[in-house]
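Trainee: Can you read through this structure? Questions will come right after.
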Amino acid sequence: MKLLRVISTIDPRDGGPSEGARKIDSELIKLGHSTEVLTLDGPNEKFIAEYPTAVHALGPSSGGYRYNGKIVKWLSVNAHKYDAVIVNGIWQYHSFAVWRALSGIRAPYFVFSHGMLDPWFRYKYPIKHLKKWLYWPWAEYRVLRDASAVIFTCEEERLLARKSFWLYKTNEAVTSYGTSTPPTGGEDLAAQFVGKHPELQGKRIVLFLGRIHEKKGCDLLLASFAEVARMDERLHLVMAGPDKSGWGEKLRDIARRLGMDQRILWAGMLQGDEKWGAFHSAEVFCLPSHQENFGIAVAEALACGKPVLISNKVNIWREIESDGVGFVDDASVAGTTRNLKRWLSLTNEDYSEMSVKARRSFDERFHIRRAAERLVEIITEGKLG
């Protein structure tokens with residue numbers, strides 16, 4: 001098949017949707033399919049050339065909605081060249097543009113909602129939700145209603161989406177998600193990462209890797225780490241990820257007030273071998289998010305054989321708990337602290353067993369190859385339907 005992916009941005013700093021798209025497109029190519037990307041990014045962005053498939057960059061685009069007058073015309077002219085269109089994300093202009101361009105010609109398109117229908121947003125940002133309500137009936141509702149399938153990356157996301165808006169009608173499909181196999185030489189990569197940050201030498205590392213954003217529960221992790229740090233002087237927290245919102249400085253102030261500034265490394269955004277080195281050097285991965293559709297970094301940690309400590313707002317928490325590859329608790333300081341203490345109470349034998357289970361869980365559930373294969377099945381079924 002020849003597929004077109006439409007996504008507002010493929011900037012790696014944007015987090016899960018762009019990273020997931022990159023990984024799945026690479027796997028689709030291996031499966032013998034052809035993929036291209038239509039994005040609202042500007043054509044001169046460095047990451048455009050680094051994407052594994054051909055990219056049609058129509059930007060720059062305006063505002064948070066990323067309006068772009070070129071996309072409907074481009075799709076109207078070119079959509080017939082593709083067997084199907086895959087839309088990543090909603091609430092920005094690219095999804096509505098696909099509906100405008102394709103609904104009249106009944107061309108098949110499929111939408112990944114990426115957790116953007118989670119009712120958490122309704123409670124956390126009520127004013128924004130009200131604006132979305134005004135927008136929903138004449139735009140996003142139609143986008144989802146007329147899609148050949150709306151794709152959820154786990155059962156929990158599908159169930160939560162039904163609670164988002166009362167006017168809700170979709171053809172639902174569920175697929176796995178995840179990441180690709182990490183590069184070999186994990187010990188060497190870990191040594192390189194620690195060598196770059198000598199303060200980590202001999203430490204028991206707790207790793208957070210993701211966007212520095214309030215929904216990720218970074219402040220919960222700082223408070224919880226401060227509470228358990230006295231249990232072992234070797235404990236050290238690595239906070240890694242891009243800070244597009246500027247929240248990082250406030251978090252650093254919190255760390256200083258807690259007396260933890262000397263036991264926390266703010267590593268910034270990590271990519272490639274440096275990212276995998278951070279995973280391999282860590283003893284455990286922690287993500288106490290208030291809302292998380294999937295959590296690709298969770299799958300990456302499992303791929304490196306690392307147990308994960310997550311909140312029950314990370315939508316794959318049921319799978320993590322079922323596979324026995326980490327601990328799950330509330331998205332709160334108390335819940336995050338309990339997770340850390342459970343990890344610290346593990347014997348060496350228990351930890352080794354959990355590490356083996358983590359890698360097995362990745363292979364069986366979260367390898368991106370499975371996501372690519374399932375996506376092809378969904379598209380094939382949707383086109384036949």
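The values are calculated or read from the model by the stated rules, or taken from the named source; none is laboratory data. Everything numeric here is computed off the predicted structure, so don't read it as measured data. No Cβ is skipped: glycine too gets one built from the backbone with ideal geometry, and neighbour counts run over all protein chains shown.
Trainee: Of all residues in the range 94-135 being assigned to a helix (DSSP H, G or I) and in contact with a Ser or Thr (Cβ under 8 Å, 6 or more places away or on another chain), which is surrounded by the fewest Cβ atoms within 10 Å (Cβ to Cβ)?
Mentor: R122
Trainee: Using beta carbons and a limit of 9 Å, which pairs, at least six apart or on different chains, have the first residue in the range 96-121 and touching a residue at least 24 places away in the same chain (Cβ under 8 Å) and in the same structural domain as H290 (by TED's automatic domain parsing) and the second one part of a loop (DSSP other than H, G, I, E, B) and crowded, with 21+ Cβ neighbours inside 10 Å?
Mentor: none
Trainee: Same structure, new question: Condition check: in contact with a helix residue (DSSP H, G or I) (Cβ under 8 Å, 6 or more places away or on another chain), closer than 28 Å to V150 by Cα, modelled with pLDDT under 95 and among the basic types (K, R). Does K244 satisfy that?
Mentor: No, not satisfied.
Trainee: What number of residues within the range 206-233 are outside any strand (DSSP E or B) and closer than 21 Å to L270 by Cα?
Mentor: Total meeting the criteria: 12.
Trainee: Related question: Going through the range 341-361 one residue at a time, which ones are under 26 Å from the mean Cα position of the chain (by Cα) and β-branched (V, I, T)?
Mentor: V356 - this is the single residue of the range 341-361 that is under 26 Å from the mean Cα position of the chain (by Cα) and β-branched (V, I, T).
Trainee: Of these, R338, R342, which one is touching a Phe, Trp or Tyr at 6+ places or on another chain (Cβ under 7 Å), over 24 Å from S176 (Cα atoms) and surrounded by fewer than 19 Cβ atoms within 10 Å (Cβ to Cβ)?
Mentor: None of the other options fit; the residue is R342.
Trainee: Would you please list the contacts, defined by Cβ atoms under 8 Å and residues six or more apart or on different chains, that run from a residue in the range 160-184 that is free of Cβ contacts under 8 Å to residues at least 12 places away in the same chain to a residue that is of a type in the set (D, E, K, R)?
Mentor: From the range 160-184, no pairs qualify.
Trainee: Then there is this: Residues that are farther than 23 Å from L167 by Cα, surrounded by fewer than 18 Cβ atoms within 10 Å (Cβ to Cβ), within 18 Å of the chain's Cα centre (by Cα) and not charged (D, E, K, R): does the range 13-20 have at least one?
Mentor: no
Trainee: In the range 40-59, what residues are part of a strand (DSSP E or B) and either aromatic (F, W, Y) or free of Cβ contacts under 8 Å to residues at least 40 places away in the same chain (or both)?
Mentor: Passing the criteria: A54, H56, A57.
Trainee: Which members of the range 8-43 meet the condition of being within 23 Å of L270 (Cβ to Cβ), of a type outside the set (S, T, N, Q) and touching a helix residue (DSSP H, G or I) at 6+ places or on another chain (Cβ under 7 Å)?
Mentor: Across the range 8-43, the qualifying residues are I10, D11, P12, G16, E19, G20, K23, I24, E27, D41.
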